[in-house]
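Notes to accompany the following structure.
The values are calculated or read from the model by the stated rules, or taken from the named source; none is laboratory data. This one's a predicted model, so the numbers in the text were calculated from it and none came from an experiment. Note that each Cβ is placed from the backbone with ideal geometry, even for glycine, and that neighbours are counted across all protein chains shown. The protein model used for the area step is the full one, side chains on, heavy atoms only, and it has no ligands, DNA or RNA in it. Shrake-Rupley method; radii C 1.70, N 1.55, O 1.52, S 1.80 Å.
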Amino acid sequence: MGSRIVATGRALPRTAVSNHDLARRMDTSDEWIRTRTGIARRYVISSGESLVDIAAAASKTALARAGMRPAEIEAIIVGTVSSEYGFPSFSCQLQHRLGVDSIPAYDVAAACSGFIYALSVADNAMRAGEYSRVLVVGADALSTMVDWDDRAVAVLFGDGAGAAVMVAEPGPRGVLSSLLRSSGEYWHLLSVRSSGVRATLDSEVRRSPDDAIKMKGPELFKIAVRSMADVTLKVAERAGVGLAEVALIVPHQANIRILNAVADRLGIAPDKVFTNIDRYGNTSAASVPIALDEALEAKRIHDNDLVLLNACGGGLTWGANLLRW
Ligand code: UT7
């Protein structure tokens, strides 16, 4: 038995913020942000909104496309570090919002690698025969965690959610292999002391610098390139597949220069790497499922294509999934 993604969905907050908007608020420029990151705009959650509602909208789209009612789902696994409260978990709130009862619902906290981790956890559970239909979501709202005076961090992040419906299925299609890695040694390269998105949204007060995201960008950049390249090679090796056979890589969208450097290192043509960072920024765990949903809509993925998902983020965590579509 294996597992396969049968449908995806995505949803974003209402407000789009351009680089020009940011340049009016802080000492930055559209030119710097575009050339150093590839970002032109991002969606940012406002106090009247809820990331759980946004994740529910993405989930409902995925479920409708799968021809499934929420009640048919047997488990919900959410990759997120943006729970509204310290507890309950994001996934319990999402379960309630979807009107589903008495199924397992839990979060996987792996920051930007959250969706890659959650997909692997779901695949393993389905291989073990635990569930036959799982909703896997990546959702984050890191804009609520930035210090808006820290321009090196504040310009990078956007908010959103992406969802995938997975079904247990024998046969050659679906998840071929996953590889997850973490190294707590590097925790200090990307961290946030205080969680609980709801409190920040409700108070409408910026986070104090001590409670905001701290990032050592240039050090993280180097490790991200190395680790994403390494895990990409290894996940393909594990499945006995050559990288040349992969039709499309759908990576975590942290920085266009990271994606180009990984492609360079692996000798992959840029047109085999899906990017949408210009329109969303870094949406953390949401970035891979949002990109996957867009790649499918743009018909960049066809039946039986080999598709590789990869990410690196706070923890540090990194990982990849190789799928036969
Ligand atoms: O998703 C999780 C994984 N996240 C990542 O992998 C992020 C990895 N890191 C990066 O993407 C990049 O390191 C950044 C985009 C965060 C920063 O780019 P960089 O090219 O590494 O810039 P830097 O930090 O070395 O800063 C270069 C200059 C500095 O000025 P000086 O000291 O050279 O005068 C910064 O103060 O750019 C300045 N700078 C800015 N200027 C205008 C930093 N941020 C900004 C800004 N606007 N927003």
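Cross-link candidates for Lys214: which aspartates and glutamates have Cα within less than 19 Å, leaving aside residues fewer than 8 places away along the same chain?
Correct list for Lys214: Asp27, Asp140, Asp147, Asp149, Asp150, Asp159, Glu185.
Counting only protein heavy atoms and using a 1.4 Å probe, what share of the accessible area of segment 28-145 belongs to carbon plus sulfur, as a whole percent? Intermediate results must be reported in sequence, preceding the final value.
Details: 2230 of 4340 Å².
Heavy-atom surface of segment 28-145 belonging to carbon and sulfur, 1.4 Å probe: 51 percent.
Does segment 196-325 come out rounded, prolate or oblate, given a ≥ b ≥ c as the square roots of the eigenvalues of its C-alpha gyration tensor, rounded meaning a/c under 1.5 and, failing that, prolate meaning a/b above b/c?
On the way: a/c = 2.36, a/b = 1.68, b/c = 1.40.
Here segment 196-325 falls in the prolate category.
Could you work out how far the C-alpha centroid of segment 243-279 sits from that of segment 77-144, in angstrom?
Comparing the Cα centres of segment 243-279 and segment 77-144, I get a distance of 26 Å.
What list of ³J(HN,Hα) couplings, whole Hz, do you get for segment 193-208 from phi and the Karplus terms 6.51, -1.76, 1.60, once you set θ to phi - 60° and write x for glycine and proline?
6, 10, 10, x, 5, 4, 4, 5, 5, 5, 7, 6, 9, 4, 6, 5
For Val205 and Asp303 in one chain, what is 0.36 nm times their gap in residues minus the Cα-Cα distance, to one decimal in nm?
Working: separation 98, 0.36 × 98 = 35.28 nm, distance 4.75 nm.
Contour length minus Cα-Cα distance gives 30.5 nm.
For segment 18-30, take each phi angle, set θ = phi - 60°, evaluate the Karplus expression 6.51 cos²θ - 1.76 cosθ + 1.60, and give the result in whole Hz per residue in order, putting x for glycine and proline.
Result, ordered by residue: 8, 4, 5, 4, 5, 5, 7, 9, 8, 7, 8, 8, 4 Hz.
Provide the packing ranking of 234-243, 309-318, 109-118, 81-90, i.e. peptides ordered by the mean count of other C-beta atoms within 10 Å per residue, highest first. Don't skip to the end; give the middle numbers.
Values: 234-243: 15.9, 309-318: 26.9, 109-118: 30.4, 81-90: 19.9.
Going by the mean number of other Cβ atoms within 10 Å, highest first, we get 109-118, 309-318, 81-90, 234-243.
Using each residue's phi in segment 38-53, evaluate 6.51 cos²θ - 1.76 cosθ + 1.60 at θ = phi - 60° and report the 3J(HN,Hα) Karplus result to the nearest Hz, with x for Gly and Pro.
x, 8, 10, 7, 8, 9, 10, 6, 10, 5, x, 9, 9, 5, 5, 4
What relative contact order, as a whole-number percentage, does the chain give when Cα pairs under 8 Å and 6 or more residues apart are counted? Intermediate values should be presented prior to the final figure.
Numbers: 830 pairs, mean separation 85.1, N = 325.
Contact order relative to length: 26 percent.
Search the structure for amide H atoms under 5 Å from the amide H of Ala7, placed 1.01 Å from N in the peptide plane, and list their residues when 5 or more places away or on another chain.
Under 5 Å from the amide H of Ala7: Val165.
Under the Kirkwood approximation applied to all pairs of distinct alpha-carbon atoms, what is the hydrodynamic radius of segment 106-229 in Å? Can you show the working numbers first?
On the way: mean 1/r = 0.0598 Å⁻¹.
16.7 Å is the Kirkwood radius here.
Going highest first, how would you order 205-214, 169-178, 279-288 by mean Cβ packing within 10 Å?
Details: 205-214: 14.8, 169-178: 17.0, 279-288: 29.5.
Taking the mean over residues of other Cβ atoms within 10 Å, the ranking is 279-288, 169-178, 205-214.
For Lys234, go through the lysines and keep the ones whose alpha-carbon is under 29 Å away, minus same-chain ones fewer than eight residues off.
By straight Cα distance, Lys234 reaches Lys216, Lys222, Lys272, Lys299.
Given the peptides 53-66, 143-156, arrange them by the average over their residues of other C-beta atoms within 10 Å, most packed first.
Values: 53-66: 21.7, 143-156: 19.5.
Ranked by mean Cβ neighbours within 10 Å, highest first: 53-66, 143-156.
Which value results for Rg/Rh of the chain when Rg is the Cα radius of gyration and Rh the Kirkwood radius based on the inverse mean 1/r?
Rg/Rh for the chain comes to 0.94.
Could you work out the Rg to Rh ratio of segment 273-325, with Rh taken as the Kirkwood radius (inverse of the mean 1/r over all Cα pairs)?
Values: Rg = 11.7 Å, Rh = 12.0 Å.
When Rh is taken as the Kirkwood radius, the ratio is 0.98.
With all protein chains present and a 1.4 Å probe, how do His188, His20 order by accessible area, largest first? Intermediate results must be reported in sequence, preceding the final value.
On the way: His188 75, His20 100 Å².
These residues rank, largest area first, as His20, His188.
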